[in-house]
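The values are calculated or read from the model by the stated rules, or taken from the named source; none is laboratory data. All values reported here derive from a predicted model rather than from experimental measurement. Methodologically, a virtual Cβ is constructed for each residue, glycine included, from the backbone with ideal geometry; neighbour enumeration extends over all protein chains shown. Side chains included, ligands, DNA and RNA excluded: accessible areas come from the protein's heavy atoms. Shrake-Rupley method; radii C 1.70, N 1.55, O 1.52, S 1.80 Å.
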Amino acid sequence: MSSETVPVTLTVQHEVSPLKRTAFGVVLREMAATAAGRAGYVAAHITEPRTDEDTTWRVSIGFEDELSLAAWRASPEWARLNKQAEALSLGAPQVQRVNGLEQWFQLPLRSVATPPPRWKTAVISAIGIYPLLLIMPDVLAPLTQGLPQWLATIASVVVMSPLITWVVMPAVTRVFRGWLYQIVNPEGGLPNRS
């Protein structure tokens, strides 16, 4: 599968003086809301400082694929808002990109789109994995026939893991996005594109 079809999340971390928190929060919310209007948008999360001593802000914006993220980062809106955010920051921001399954482990402590409860994640995982468990033994049987059980199981894992990460779970998550994510709209917060 092409890397361009793998979901990708851009996370930008800024250190911001407590005196500039209000202005910086406005810029990040506008950045995330503007991204929500772009093709391929999945969700955005904003993590604010938790204490008066904490100066760390993070915005994570997810897109369905690399091309959608690249189009957003090439847009005049991104350039303008990123410049405003950097002007309010104490130093250069830290930028991180994660792809595929890594996104599930990048959930912020406090976000605009709250993470789904674990029971919903378990239900969605079962919906995605169950059909593979039914189909894959028959599909792989010609290749694994005669192999010891432990080696046949390794072959199944090697085939199923990429399918789950890059095909099944992104598709199932897109279909059930409205059910998975509870949207919170603080100060004109962010829609989650269904």
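Note on surface exposure: Glu53, Glu86 rank Glu53, Glu86 by accessible area, highest first, 1.4 Å probe. For the peptides 141-149, 15-23, 63-71, the ranking by packing is 63-71, 15-23, 141-149, with the highest mean count of neighbouring Cβ atoms within 10 Å listed first. Val26 contributes an accessible area of around 80 Å² to the protein surface, as traced by a 1.4 Å probe with all chains present.
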